[in-house]
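Working notes, structure below.
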Amino acid sequence: RKDGTPCWLEIEVQPLRDDHGAPGGYMAIESDITARKEAEQKLTASEQSLRALTDHAPGVLFQFDVAADGAISVALLSAGFAELFRRDPAPFLRRPARLLALVPRRERAAVREALLRAVARRAPWTGVFPVRAADGDAHWVAARSSVHARPDGSLAWFGALADITEQQVARRAAEQASAAKSQFLAMMSHEIRTPMNGVIGMTSLLLDTPLDERQREFAEIIRSSGEALLALINDILDFSKIEAGKLELENAPFDLAECVAGAMDLFAPRAAAKGIDLLCEIAEGVPREIYGDPARLRQILVNLVGNAVKFTDQGEVHLAVRPLSEADGSRRLVFSVRDTGVGIPPEARGRLFSAFSQGDASTTRKYGGTGLGLAISRRLAEMMGGRMWAEGGPGAGSMFSFDIALGPAPPRQRRAPSPRADLQGLSALVVDDNATNRRILSDLASRWELRVRAAADGSEALALLRSDEAFDLAVLDMHMPGMDGVELARAIRALPDRGGLPLVLLSSIGQDLAPEERALFVACLAKPAKPASLHDALRRAVGRDEGKGAAADGAAERAAREPDARPERVLVAEDNPVNQRVAVQMLGRLGYRADLAGNGLEVLEALHRQRYDVVLMDVQMPEMDGLEASRRLRAQPPPHGRPWIIALTANAMEGDREACLAAGMDDYLSKPMRVDALAAALERAAARTI
């Protein structure tokens with residue numbers, strides 16, 4: 001150009017001819033194509049940059065083109081293809097079938113189906129699958145892509161293949177290590193629980209023999225120490241299962257009130273020994289039956305209540321359950337355990353729910369523990385769809401709360417609501433020095449439509465009774481300052497026109513009352529009183545208990561059972577001599593006679609000689625274990641009939657129970673074996689075998 005800048009011209013020259021066709025010169029047309037040439041140069045530079053990028057990018061960059069009719073072709077394979085597959089990419093361009101041939105035959109159909117599904121849905125294609133290089137090396141690749149639709153209806157997939165072989169190898173090594181860890185834990189569980197069965201079992205049997213006071217004290221210490229060690233083992237196993245992702249929750253309907261009461265009952269003696277009140281409150285609106293895992297819910301409650309009792313020297317421990325309706329219409333239950341103990345130091349808040357951590361980790365700490373309980377409880381709460389949190393400060397007590405998603409039991413399994421009309425209109429006097437317990441008892445009585453008056457001590461109660469106000473019954477706390485429950489009952493019996501007032505006593509040590517003291521009361525209930533038990537006691541107090549309680553029903557059922565409906569012959573299959581003696585002694589205590597077998601082969605021989613109603617089958621035994629023996633008994637029943645098989649196992653890992661049942665066993669008991677659990681299993685056997 002005149003200004004010196006270069007430009008690009010395109011010149012088109014055409015010959016000119018006259019009317020007779022003779023040449024008459026030329027015509028030239030010049031066009032300035034500078035802009036087009038600059039665009040071409042930029043495009044070339046861009047393509048060169050893109051090629052350099054694809055050639056040096058890690059992994060394999062690819063482009064698949066999909067025509068409007070669905071035909072797939074390979075438009076681009078970067079230089080990483082040759083590095084990964086040890087092959088020239090040129091023969092694979094435009095030929096997707098050749099690419100699929102790089103995938104092992106057993107995986108090829110799944111990869112092809114995933115690719116075609118992505119094409120049909122016009123969705124990005126992702127996947128992880130194995131491939132094989134030309135030299136036979138196996139690799140794992142992860143495919144990721146994005147899809148682009150063109151105006152002509154065709155599609156383009158741009159993506160990458162990343163070599164993740166090292167990650168897959170590491171993952172498999174981790175899975176193998178986890179499996180080995182689980183196997184080791186199962187083995188250690190067996191090895192530890194087997195002698196623990198002897199320690200706890202023999203100690204329990206020893207406590208049933210005549211002992212002097214000093215001997216009984218020593219035996220109780222041995223048993224409590226064994227149970228503490230067992231609890232520690234269970235915590236470690238639970239934590240290991242949670243960390244490995246092996247812990248699964250059950251989902252079945254259960255009675256929430258019974259679950260809560262069972263957790264509280266464990267700590268009533270300990271709370272009574274420390275002189276603290278153990279309180280339980282289930283708010284109105286909490287369903288009686290819910291879906292969930294009762295064992296794991298009880299485990300959380302036991303941990304929280306146990307901690308509260310441990311860290312509280314005076315005052316109370318209060319467990320409350322209340323319903324919670326959320327904005328989205330879902331319903332949840334909130335459990336709170338509040339105590340009046342030492343509280344939570346500020347420096348301990350951050351590590352409360354950390355594994356293997358205590359609020360006080362010093363060598364001079366007052367309270368023991370592994371630091372696993374709260375960590376396990378929080379993880380269990382999260383698995384139930386909730387969370388766990390803590391409140392409180394130093395010296396001000398603490399409150400630990402958690403919530404769970406509410407799953408209602410199906411209508412066919414819901415129990416009928418407790419009757420209320422049978423107590424309607426009656427008047428009750430509640431006497432308790434603990435304000436929280438007065439409120440709980442008053443709320444319960446109000447739900448049953450009683451009129452309630454509350455008194456904080458014996459003097460206030462006597463003043464109310466000396467007035468003209470009518471009372472149909474009274475509920476008295478045993479431990480109160482100034483005048484305890486027994487002294488108050490004697491004072492009430494001495495009042496004119498009040499001597500026949502029905503009285504119900506709530507006491508942590510009600511079982512220790514002398515006969516003449518117990519005679520003062522219609523009923524004596526242990527604290528915290530279960531709502532159902534308290535309701536039944538009030539009905540008895542006013543003479544309206546026309547039905548039978550659960551205990552009476554169970555006794556009647558057992559009494560009605562025919563004498564021959566109980567298993568007569570029991571075979572104990574156990575290789576450990578100590579555990580053999582424990583099982584035989586426990587069975588003898590329950591009124592059963594038993595024979596012994598040392599392994600599975602001896603079990604098969606014994607069952608071919610004579611009939612046995614029940615076999616207590618240890619799982620791990622030499623020569624032939626309990627699982628194999630059970631499988632053989634199921635495949636070929638003995639001539640005298642197949643017995644009821646109860647598994648005895650010291651394993652406690654996920655799936656142990658299922659493995660026993662799958663092998664043909666009928667029931668399951670874990671070690672250390674307890675007399676009550678053994679009795680219940682034998683009752684189940686009687687119901688099924690006779």
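The values are calculated or read from the model by the stated rules, or taken from the named source; none is laboratory data. Not measured: the values here are computed from a predicted model. Neighbour counts are summed over all protein chains in view; Cβ atoms, including those assigned to glycine, are modelled from backbone coordinates with ideal geometry. For accessibility, only protein heavy atoms count, side chains too; no ligands or nucleic acids. Shrake-Rupley method; radii C 1.70, N 1.55, O 1.52, S 1.80 Å.
Run the count for the chain, please: Lys pairs, Cα-Cα under 19 angstrom, 8 or more apart or on different chains. Taking the chain as the scope, the lysine pair count is 9. Between helix 550-560 and the chain there is an angle of about 80 degrees, using the helix long axis and the longest principal axis of the Cα atoms. Every Cα-Cα pair in the range 583-690 was counted, and those over 25 Å apart are 13% of them. Of the beta bridges in the chain, as assigned by DSSP with both residues counted there, near 60 percent are antiparallel.
Annotation for the range 94-196: trypsin sites (Lys or Arg not before Pro) lying in DSSP loop with at most 15 further Cβ atoms inside 10 Å of their Cβ are R94, R122.
Measuring nothing but alpha carbons in the chain and taking Rh as the Kirkwood radius, the Rg to Rh ratio lands at 1.20.
The calculated P(r) of the range 218-303, using every Cα pair and 5 Å bins from 0, goes 3, 11, 15, 20, 18, 16, 11, 5, 1, 0 in percent. Dipole of the range 453-493 computed with +1 at Lys/Arg Cβ and -1 at Asp/Glu Cβ about the Cα centre; of A461, I492, H479, farthest Cα towards the positive end is I492. Ligands, DNA and RNA left out, the accessible area of the chain computed with a 1.4 Å probe is 52% carbon and sulfur. Across the range 8-147, C-alpha contacts under 8 Å between residues 6 or more apart give a mean separation that, scaled by the residue count, equals a relative contact order of 13 percent. Direction-averaged projected area, Cα convex hull, the range 428-531: 6.0 nm², rounded to one decimal. Put +1 on the Cβ of every Lys and Arg and -1 on every Asp and Glu Cβ in the range 1-112; which of I33, A97, Q14 then has its Cα farthest towards the positive end of the dipole? Ranked along the dipole, the leading option is A97. Cα centroids of the range 431-492 and the range 195-227: 40 Å apart. Magnitude of the charge dipole for the range 1-137, about its Cα centre and with charges confined to Cβ atoms of Lys, Arg (+1) and Asp, Glu (-1), is about 1100 debye. Kirkwood-type hydrodynamic radius, the range 299-354: 13.2 Å, calculated from all non-identical alpha-carbon pairs.
Under a model in which nothing but the beta-carbon of Lys, Arg (+1) and Asp, Glu (-1) is charged, the chain shows a dipole of about 1040 debye around its Cα centre. The residues of the chain have, on average, 53 Å² of accessible surface per residue, using a 1.4 Å probe with all protein chains present. Spin-label pair L16-A514: with each label point 7 Å from Cα along the Cα-Cβ axis, the two points sit 14.5 nm from one another. For the chain, the relative contact order comes to 8 percent (Cα pairs under 8 Å, sequence separation of at least 6).
Against the longest alpha carbon principal axis of the chain, how many degrees, from 0 to 90 and to the nearest 10, is the axis of helix 256-265 turned? It works out to around 60 degrees.
The long axis of helix 600-609 is offset from the longest Cα principal axis of the chain by roughly 50 degrees. Annotation for L266 and A133: the two label points, set 7 Å from Cα along the Cα-Cβ direction, are 5.7 nm apart. In angstrom, the C-alpha Rg and Dmax of the range 1-105 are 24.5, 76. The helix-only estimate of mean residue ellipticity at 222 nm for the chain, built from DSSP H runs of length n ≥ 4 each weighted as -39500 (n - 2.57), is -13000 deg cm²/dmol after division by the residue total. Remark: the A635-A39 segment gains 206.3 nm on full extension, using 0.36 nm per residue and subtracting the alpha carbon distance.
Entry for the range 581-625 at q = 0.16, 0.17 Å⁻¹: log10 I(q)/I(0) = -0.46, -0.51, Debye formula applied to identical alpha-carbon scatterers, no solvent contribution. Relative contact order of the range 172-255, taken over Cα pairs closer than 8 Å and 6 or more residues apart, is 31 percent. Once the gyration tensor of the Cα atoms in the range 158-255 is diagonalised, the equivalent ellipsoid follows with semi-axes of 47, 16, 9 Å, ordered largest first.
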